[in-house]
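Trainee: Following this message is one structure expressed as structure tokens.
Just so you know, all these numbers are worked out from the coordinates, no wet-lab data involved. Model, not experiment: these values are computed from the prediction. Note: ideal-geometry Cβ built from the backbone for every residue, glycine included; neighbour counts use all protein chains shown.
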Amino acid sequence: MTTDAAMGQGALLHRANSLLAAGHLQEALAAFDLALASQPGDAAGWNSRGVVLRHLGRFDEAVASFTRAVSLSPGYAGAFFNRAVVTGLEQFNPLVAVWDLERVVALDPGFPFALGLLLHLKMLICDWQGFEALQAQVDAAVRSGRRVIEPFAYQALSQSPADLRTCAETYVRDQFPAIAPPPATPRRPGGKIRLGYLSGEFHAQATAYLMAGVYEAHDRARFELVAFDNGPDDASPMRRRLEAAFGRMVDIKGLPDADAAARIRAEGIDILVNLNGHFGNHRMGVFVRRAAPLQVNYLGFPGTLGAPCMDYLIADAVVIPPGEDEHYAERIVRLPGSYQANDDRRAIAAQASSRADCGLPAEGFVFCSFNGSYKFVPDMMALWLRLLGQVDGSVLWLLATNPQAMTNLRRAAQAVGIAPERLVFAPHLPLDQHLAGLKLADLFLDSLPYNAHTTGSDALWAGVPLLTCRGTAFSGRVGASLLQAMNLPELITENPAAYEALALALARDPARLRGMREKLEAGRTTAPLFDTARFTRHLENAFAAMWERHQRGEAPAAFDVP
């Protein structure tokens with residue numbers, strides 16, 4: 001290649017990378033294709049092209065690009081890492097991704113976020129070989145401020161609010177560095193508060209299931225609502241319900257962060273609610289650009305986002321007790337009852353399921369836990385298997401997440417003398433059918449350090465007692481929050497030994513368990529947890545107090561909603 005040609009090729013790749021950095025994905029893809037047509041041996045170009053394709057949701061093509069990169073450069077840790085991200089998190093093939101990440105760690109032990117993603121994906125498939133050593137490495141790296149694990153994955157590992165804050169702040173500094181906000185636009189005094197909800201999950205997904213009733217119950221005399229949509233339209237009944245509740249949904253998923261932030265500012269939004277945080281189809285880059293005068297972290301991510309651009313975090317006195325605010329970058333707003341919204345219109349299929357329908361034995365006690373497999377840790381699973389060993393004929397009913405997880409869990413059971421068939425796996429079903437089947441369970445066993453959240457309130461809504469062990473961080477206290485708001489504090493335990501003892505006692509005392517079920521059923525329509533209208537008034541009072549403080553020119557500050 002001549003010098004001039006090489007310079008031209010370099011300019012093409014530079015332009016392609018600049019377009020990628022700016023979020024102009026289609027233009028970036030065309031530029032990479034043009035550059036690689038004349039220099040097909042450029043591994044870095046193929047890797048960057050794969051990143052563009054991943055952002056466009058073209059996952060098979062992204063994997064092909066990353067594969068081309070590693071074939072050209074077998075020691076290219078970044079391309080192996082990127083391929084693992086897509087195969088593990090987007091294509092739901094964690095076993096293949098684990099092989100790539102082990103290669104990354106061998107090539108470069110300090111490669112950013114590789115060790116944490118390796119541990120997270122091993123948890124997804126319940127491969128706990130070397131678990132304690134890996135977790136110790138991750139914890140040490142977090143405490144030293146190294147880029148080792150993303151905040152969402154760390155929620156399932158850490159019980160330290162201080163470490164969780166350090167993890168989030170390290171991640172934000174690396175991925176979402178601060179950007180000077182534009183000058184504030186003066187707002188006309190008075191009028192309704194313009195409230196924006198930004199989510200990548202305005203479809204049949206857990207956050208939507210919880211929040212649908214709240215959107216419908218908002219007081220339109222006090223608030224104007226706008227949804228900013230960063231996710232797919234799945235054409236589900238839930239999607240149609242959300243569209244009707246909002247009236248307006250502004251699609252921002254194809255916009256670069258700067259353009260999306262400008263679009264939100266143009267709507268004159270006063271308070272912008274971040275329903276994703278560091279989870280799912282999030283847009284932290286929009287919040288970093290200060291898209292609204294006040295920005296609130298709520299529901300989608302159970303902890304601090306570690307970002308100076310977030311003003312408030314909505315919680316309650318159980319998940320964040322007074323005196324622990326220092327572990328959160330946001331100012332804490334505590335709602336009465338539980339922080340978790342719930343929809344009192346959540347349908348339960350009218351046709352009852354039978355044990356045979358669900359693959360359960362005709363007789364015997366049914367323990368269940370319908371959490372994602374990444375929430376299972378060896379100590380808690382060992383406790384659950386001990387319960388099976390002590391309760392004759394009992395089964396543990398779990399969600400069928402991925403084949404490797406099911407295989408590894410059955411092996412874990414067999415290793416301690418529990419017949420593998422006593423672990424029963426439920427397929428994914430539409431929510432109303434899942435809730436109808438859930439009624440067959442006798443006791444829902446909460447996980448720790450990351451509790452059941454939506455799955456926990458699903459159990460209570462279906463009339464199944466939830467047994468929890470109160471953790472020491474937000475994500476591990478949600479079960480206690482739900483039970484307090486359900487007036488069932490007797491199902492909250494304070495340590496694993498008490499949790500195990502109560503689970504065993506309830507399994508051996510049908511009358512006591514029946515009494516709890518009756519109390520749960522009687523309180524379902526009266527307890528604060530499922531009073532959507534009441535909850536919405538509290539949430540609105542929180543927003544109003546934030547906005548009044550802002551209007552007075554005062555900085556955000558923590559407060560409790562009466």
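Trainee: Under 8 Å for C-alpha pairs, at least 6 residues apart: give me the relative contact order for region 366-527, rounded to a whole percent. Intermediate values should be presented prior to the final figure.
Mentor: Numbers: 236 pairs, mean separation 34.6, N = 162.
Over region 366-527, the number comes to 21 percent.
Trainee: Have a look at Leu443, Ala11, Phe543 and report the one farthest towards the positive end of the charge dipole of the chain, computed about the Cα centre with Cβ charges (Lys/Arg +1, Asp/Glu -1).
Mentor: Phe543
Trainee: Using Cα centres only, tell me the gap between region 195-247 and region 269-303 in whole Å.
Mentor: About 15 Å separates the Cα centre of region 195-247 from the one of region 269-303.
Trainee: Checking the a/c ratio against 1.5 first, then a/b against b/c, what shape does the Cα gyration tensor give for region 366-527?
Mentor: Numbers: a/c = 1.42, a/b = 1.34, b/c = 1.06.
Here region 366-527 falls in the rounded category.
Trainee: If you don't mind, there's one more thing I want to ask. Out of His55, Trp128, Phe370, whose Cα points farthest toward the positive end of the dipole of the chain (charges: +1 Lys, Arg; -1 Asp, Glu; placed on Cβ)?
Mentor: So the residue furthest toward the plus end is His55.
Trainee: Considering the options Ala168, Gly280, Pro336, tell which one lies farthest towards the positive end of the dipole of the chain, charges being +1 on Lys and Arg and -1 on Asp and Glu at the Cβ, about the Cα centre.
Mentor: Result: Pro336.
Trainee: Something else: Within region 455-495, find all residues whose amide N lies under 20 Å from a label point positioned 7 Å from the Cα of Ala382 along Cα-to-beta-carbon.
Mentor: Counting only backbone N, you get 469-472, 494-495.
Trainee: Cut-off is 10 Å between beta-carbons; in what order do Ile193, Ile252 appear when sorted fewest neighbours first? Could you put the intermediate results ahead of the total?
Mentor: Working: Ile193 19, Ile252 23.
Ranking Ile193, Ile252 by Cβ neighbours within 10 Å, fewest first, gives Ile193, Ile252.
Trainee: With an 8 Å cut-off on Cα pairs and a minimum separation of 6 or more residues, tell me the relative contact order of region 449-562 in percent.
Mentor: On the way: 106 pairs, mean separation 24.9, N = 114.
With pairs under 8 Å counted, the relative contact order is 22 percent.
Trainee: Quick one: which residues, 5+ away or cross-chain, put their amide H under 5 Å from the amide H of Phe228? H built at 1.01 Å from N.
Mentor: Tyr197, Leu198, Ser199, Val250
Trainee: Dipole of the chain, Cα-centred, from +1 at each Lys and Arg C-beta and -1 at each Asp and Glu C-beta, to the nearest 20 debye?
Mentor: Values: 52 positive and 58 negative charges, 123 e Å.
Its charge dipole is roughly 600 debye.
Trainee: A further question follows. Modelled label-to-label distance, Gln414 and Asn495, 7 Å Cα→beta-carbon offset: nm?
Mentor: 3.6 nm
Trainee: Sort Arg517, Arg240 so the one with the fewest other Cβ atoms within 10 Å of its own Cβ comes first. Could the numbers behind the result be given before it?
Mentor: Values: Arg517 15, Arg240 11.
Listed from fewest to most nearby Cβ atoms, that is Arg240, Arg517.
Trainee: A further question follows. Can you give the relative contact order of the chain as a percent, counting alpha carbon pairs under 8 Å and 6+ residues apart?
Mentor: Details: 1023 pairs, mean separation 67.6, N = 562.
In percent, rounded to a whole number, it is 12.
Trainee: What does the charge add up to near Leu272, with Lys and Arg as +1, Asp and Glu as -1, over the other residues with Cβ less than 12 Å from its Cβ? Display every interim value, and only then the final one.
Mentor: On the way: positive: Arg194, Arg263, Arg265, Arg283, Arg289, Arg290; negative: Glu267, Asp270, Asp311.
My count for the surroundings of Leu272 gives +3.
Trainee: Starting from the Cα gyration tensor of region 482-521, take the square roots of the eigenvalues, sort them a ≥ b ≥ c, and report rounded, prolate or oblate (rounded when a/c is under 1.5, otherwise prolate if a/b is larger than b/c, else oblate).
Mentor: Details: a/c = 3.75, a/b = 1.10, b/c = 3.42.
It comes out oblate by the Cα gyration axes.
Trainee: Given H placed on each backbone N at 1.01 Å, which residues far from Arg346 in sequence or on other chains put an amide H within less than 5 Å of it?
Mentor: It is none; the list stays empty.
Trainee: Right, something else. For region 3-175, just say rounded, prolate or oblate: build the C-alpha gyration tensor, square-root its eigenvalues into a ≥ b ≥ c, call rounded for a/c under 1.5, and beyond that prolate if a/b exceeds b/c, oblate if not. Display every interim value, and only then the final one.
Mentor: Details: a/c = 2.27, a/b = 1.89, b/c = 1.21.
In terms of gyration-tensor shape, prolate.
Trainee: Going by how many other beta carbons lie within 10 Å of each one, how would you line up Trp128, Trp461, Trp397, fewest first?
Mentor: Working: Trp128 17, Trp461 20, Trp397 24.
Sorted ascending by nearby Cβ count, the order is Trp128, Trp461, Trp397.
Trainee: Separate question: Quickly estimate the mean residue ellipticity at 222 nm for the chain, helices only: each DSSP H run with n ≥ 4 gives -39500 (n - 2.57), and the total goes over all residues, rounded to 500. It would help to have the intermediate numbers written out before the result.
Mentor: Details: 22 runs with 261 residues, N = 562.
Computed ellipticity for the chain at 222 nm equals -14500 deg cm²/dmol.
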